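Worksheet: the structure to be examined is printed underneath.
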Amino acid sequence: MSDLRYGAAGDAGRLHSGFWGNCPIEAIQKQLTDGLYFFDDFKQGGAAESTTVFAWTGGSPPMRYKAHGTASSLIKMLQGATDDEIGVLTLDADADDDENYLTFDATYNEAFGKISDTAGDNLRLWFEARVRFSNIASATAMAAKMIGLRHMADAASADIENGGTALAVAEFVGFRALSSDGDGMDAIYMDTAETVFEEAADNDNLVIEADTWYKFGLYFDGEKMHWYVNGVEIVTGTNITPATTQFPDAEPLMPYFGIRLDGTDAANHADIDWWSFAQFRGGITL
């Protein structure tokens with residue numbers, strides 16, 4: 001019997017959400033089955049910047065991070081009293097056009113996984129991150145934000161367009177809020193162009209509040225995609241397949257977290273408590 005426990009649907013606490021219940025985390029960690037399980041609780045992280053690039057090694061198994069931050073901005077552990085014991089990494093942006101993106105080194109790491117509809121390559125995948133944002137404003141002095149899985153590439157300037165009006169990355173699956181709706185974390189996917197799977201305007205679970213923790217999750221069941229917030233599935237019954245137009249079918253993907261500020265907000269930041277990723281490659285029956 002597994003000792004793993006999961007948060008209830010609607011719970012934004014520190015446990016993994018219930019959709020992880022069929023992921024063989026323990027078997028993967030003990031090498032009893034084939035797959036990858038990565039977790040980082042951010043007990044340490046960040047680095048002194050070299051120009052605008054931050055690099056360090058963290059998580060389990062250890063992976064090399066490579067993050068981008070506007071000069072003078074910070075990516076570091078948040079050492080506020082309420083966060084000292086749980087480990088929180090903060091992406092700071094407090095001047096107009098500041099931007100920060102957290103991902104992994106595309107040169108020294110392999111891709112974490114992919115979402116494919118090809119027989120034999122349609123491997124189940126899980127992803128979840130617990131994050132919060134200080135700024136949910138729209139139009140002016142707002143921060144565009146994104147969390148999910150992005151094509152394997154180093155983070156760089158302008159991954160979110162100036163003004164926070166659109167994402168400027170190739171191949172992404174996850175959630176994002178733009179300048180037109182700063183508290184609406186729409187569920188999206190994109191290859192060369194963005195497609196909104198579900199808008200916050202149509203689903204209250206996608207509407208966020210400032211300085212409030214949320215768990216954003218993704219699950220590919222081998223056939224169709226599922227998006228979750230705090231363990232609650234965003235839409236059921238209309239799930240798409242990787243063959244859907246503009247879905248990044250079979251693209252190498254890595255976890256990704258980012259913000260870009262439009263206007264001045266001296267207290268603006270985005271925080272991540274933990275994130276986890278798994279891909280099951282087979283070997284036991286679930």
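General remarks:
- Within-14-Å neighbourhood charge of Gly120 [Cβ basis; K, R +1; D, E -1]: -1
- Backbone N within the range 166-191 under 20 Å of label point (7 Å from Asp202 Cα along the Cβ vector): 167, 172-191
- Which of Asp96, Asp11 has the fewest Cβ neighbours within 10 Å, and the rest in rising order: Asp96, Asp11
- Projected label distance in nm at Asp11 and Val235, using a 7 Å step from Cα toward the beta-carbon: 2.8
- Computed packing ranks the peptides 133-145, 153-165 as 133-145, 153-165, most packed first, by mean other Cβ atoms within 10 Å.
- For a label point 7 Å along the Cα-to-beta-carbon line of Leu4, residues of the range 107-148 with backbone N under 14 Å: 124-128
- Label selected from (i) -0.27, -0.67; (ii) -0.39, -0.81; (iii) -0.22, -0.58, the criterion being log10 I(q)/I(0) by the Debye sum over Cα atoms at q = 0.07, 0.11 Å⁻¹ as computed here: (iii)
- Shape class of the range 1-150 from the Cα gyration tensor (axes a ≥ b ≥ c, square roots of the eigenvalues): prolate, since a/c reaches 1.5 or more and a/b is larger than b/c.
- Partners for Lys43 among lysines (Cα-Cα distance below 19 Å; same-chain residues under 8 apart left out): Lys66, Lys76, Lys215
- Inter-probe distance in nm under a simple model that places probes 7 Å from Cα toward Cβ, at Ala47 and Ile86: 2.7
- The shape of the range 202-261 comes out oblate: with a ≥ b ≥ c from the C-alpha gyration tensor, a/c is at least 1.5 while a/b does not beat b/c.
- Loop-located GluC sites (Glu not before Pro) in the range 1-88 (DSSP state not H, G, I, E or B) with no more than 16 neighbouring Cβ atoms inside 10 Å: Glu85.
- Set of lysines near Lys114 by C-alpha distance (under 17 Å), chain-local residues within fewer than 8 positions excluded: Lys224
- With each label modelled as a point 7 angstrom along the Cα→C-beta vector, the Thr192-Ser72 pair spans 3.9 nm.
FYI, it's all coordinate maths here, none of it is from the lab. Values in this document were obtained by computation on a predicted structure and should not be read as measured data. Positions of Cβ are generated from backbone atoms using ideal geometry, with glycine treated the same way; all protein chains shown enter the neighbour counts.
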